[in-house]
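> Sharing a structure, written as structure tokens. Questions coming.
The values are calculated or read from the model by the stated rules, or taken from the named source; none is laboratory data. As the structure is a computational prediction, the values presented were derived from the model and not from experiment. All Cβ positions, even for glycine, are placed from backbone atoms using ideal geometry, and neighbour counts span all protein chains on display.
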Amino acid sequence: MKPKAHLVRSGTVLTLAAVMISLSACSGGSGGAASNGEATTTLKLGVGAAPASFDPTQIENNGNALELAQPVYDSLLRRAPNGDIQPWLAKDWKYNDNKTQLTLDLRDDVTFSDGTKFDAKSAADNLDRFKAKGGPQASMLADVSNVAAADADTVTLTLTQPNPALASYLTTVAGLQVSPASFDNPSLATEPAGSGPYKLDTAATTSGSIYTYTARDNYWNKDAVKFNKIEIRVLTDPSAMANAFASGQIDAGPAAVGTLDQFKGSGAQVDTVEGDWAGFMMFDRTGRLSKPLGDVRVRQAFNMALDKEALLQTLQKGLGTVTAQIFSPEDPGYVPELDKKYSHDPQQAKKLLADAGYPDGIDVTMVAASVTPADVLSVYAQQLAEAGIRVTWETQDINAFLGTMFSGKSAINPMQLGAKGGWEMINQLVAPNAPWNPLKDQTPELEAMIKDVQFAADDAARTAAVKKVNTYLVDNAWFAPWYRLASPYASKADHVGVEMQYQQTLPSIYNFKPAS
């Protein structure tokens with residue numbers, strides 16, 4: 001049975017799921033607009049979640065957190081809108097022949113907002129601190145065994161084994177640079193001190209609501225400072241985001257599918273980035289938490305249970321692509337034919353359950369975020385039941401929901417996750433120590449394939465190896481994706497110009513400029 005439109009509030013559940021991962025108290029009219037002949041001097045943005053901390057070691061690697069951190073923190077390397085890795089605090093970088101040593105040539109004209117000079121020692125100390133603190137993304141540097149300042153502007157990272165994603169990690173949270181003078185400051189979580197283009201104005205900031213940044217006079221890259229001030233307002237409710245856009249409180253922000261008409265009615269330019277995938281996160285593939293999931297046929301039944309196309313049309317107004325793989329077309333590991341690996345077939349799903357020894361179907365408990373509308377969960381449950389899968393929902397607030405997953409207490413649950421590159425995806429979701437593989441599931445076959453990716457001789461060999469990993473994951477139903485989302489982002493073209501970012505639903509701060 002296909003879900004009826006009146007059963008769901010379009011887009012709510014998956015947009016709010018993105019807020020969890022993916023993840024400006026100003027009045028209307030602040031900052032000039034190109035349409036009235038004035039320059040736009042204040043960038044006014046909306047985000048869907050407040051930062052848990054401004055300490056880089058505790059920052060999650062998602063759009064909301066990064067957009068709030070980038071004004072105050074430079075990264076060692078920078079990712080361009082098209083995904084290319086570019087110089088930033090590191091002017092150049094190179095690996096040794098066996099890819100177990102990465103050397104960074106650093107700028108010598110950078111200072112932190114507190115006046116401390118940035119140099120190789122401060123970079124090395126930041127990397128050591130990030131690794132030692134054991135934060136949510138500490139695994140990014142798990143392969144780094146030593147960090148050394150060779151001289152004042154050269155830092156060398158020695159690895160225990162090759163990590164093809166290391167340079168990419170240095171463009172994000174692992175590469176953010178905080179002033180060493182603030183390492184032990186108990187207020188670092190709310191009062192950041194970085195080398196970024198802006199400084200947090202704590203007097204004009206209300207934690208969890210509005211974050212105000214002012215441009216630094218002595219920033220090393222004047223071309224990167226396009227606004228005098230940045231105001232970022234936290235708006236967890238999609239309707240509040242649309243209302244803030246309409247009233248002029250924000251000039252850009254993520255748009256929930258259910259509020260697109262309101263954004264467009266307010267004159268929004270709407271861009272989309274496809275990449276994030278929504279579906280069932282399959283944490284248990286061995287039956288430790290839910291015995292049936294240890295059988296591949298049961299996991300395949302989950303892949304056939306939901307009418308993905310109907311959900312895409314109803315929940316996302318068709319903005320996306322039905323798929324059975326977690327890799328996106330921009331990734332070298334993407335295999336086009338895998339998008340159609342599992343069709344909606346409740347009868348075949350029942351047969352698979354019977355073949356696995358469950359002729360009467362199975363019962364499973366799933367956790368869901370409390371922000372997920374009950375009627376949406378009802379649609380999922382109804383379609384699963386038609387395939388012989390009886391689900392009991394346990395709703396939790398967002399923090400508890402995330403904690404349940406990361407602590408390995410959830411066997412399977414609905415989720416939306418951001419797209420990553422080949423090795424990054426493997427290292428985040430699939431490898432034995434991946435943060436999103438809390439039960440450390442692994443098979444000898446998959447482990448060998450992962451090694452082939454890690455130790456590939458060149459890009460062509462790595463691409464072929466990632467494709468094999470991807471195919472294995474789909475064939476063995478390690479996940480149950482429904483579709484890739486084309487996530488909408490709204491902006492006022494007469495106030496700001498924005499360039500969307502590769503595999504990010506929220507653009508980087510550097511992607512905004514005043515309207516011309």
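> From the list Met405, Met366, pick out the single residue that is among the hydrophobic types (A, V, I, L, M, F, W, C) and under 17 Å from Leu306 (Cβ atoms).
Every option except Met366 fails the conditions.
> If a residue has to be of a type in the set (Ser, Thr, Tyr), modelled with pLDDT of 95 or more and either surrounded by fewer than 24 Cβ atoms within 10 Å (Cβ to Cβ) or within 18 Å of Thr321 (Cβ to Cβ) (or both) to count, how many in the range 464-492 make the cut?
4
> While we're here: Assess whether Leu506 counts as being closer than 24 Å to Tyr334 by Cα, at pLDDT below 95, out of contact with any Lys or Arg (no Cβ under 6 Å at 6 or more places or on another chain) and part of a strand (DSSP E or B).
Answer is no for this residue.
> Collect the residues in the range 151-200 that are among the aliphatic types (A, V, I, L, M), farther than 15 Å from Tyr95 by Cα and in contact with a Ser or Thr (Cβ under 7 Å, 6 or more places away or on another chain), keeping them in residue-number order.
Matches in the range 151-200: Leu176, Ala181, Leu188, Ala189, Ala193.
> Only one residue in Gly208, Gly196 is crowded, with 19+ Cβ neighbours inside 10 Å, under 16 Å from Ala65 (Cβ atoms) and small (Gly, Ala, Ser). Which one?
On inspection, the qualifying residue turns out to be Gly196.
> For the list (1) at pLDDT 95 or above; (2) farther than 30 Å from Met500 by Cβ; (3) aliphatic (A, V, I, L, M); (4) more than 26 Å from the chain's Cα centre (by Cα), I need the number of the one condition that Leu188 fails.
The single condition Leu188 does not satisfy is (4).
> Can I ask one more? Return the only residue of Ile450, Ile426, Ile412, Ile398 being at pLDDT below 95, out of contact with any Cys (no Cβ under 8 Å at 6 or more places or on another chain) and crowded, with 20+ Cβ neighbours inside 10 Å.
Ile426
> Still on this structure, I have one more. I'm trying to understand the selection: among the residues of the range 38-65, which are assigned to a helix (DSSP H, G or I), touching a strand residue (DSSP E or B) at 6+ places or on another chain (Cβ under 9 Å) and not small (Gly, Ala, Ser)?
Pro56, Thr57, Asn64
> For Lys91, indicate whether it is modelled with pLDDT of 95 or more and either more than 23 Å from Thr57 (Cα to Cα) or part of a loop (DSSP other than H, G, I, E, B) (or both).
yes
> Which one is farthest from Asp108 (Cα to Cα), of the residues in the range 132-164 that are among the acidic types (Asp, Glu) and surrounded by 17 or more Cβ atoms within 10 Å (Cβ to Cβ)?
The qualifying residue farthest from Asp108 (Cα to Cα) is Asp143.
> Just to be sure, is Pro488 more than 28 Å from Phe283 (Cβ to Cβ) and of a type outside the set (S, T, N, Q)?
yes
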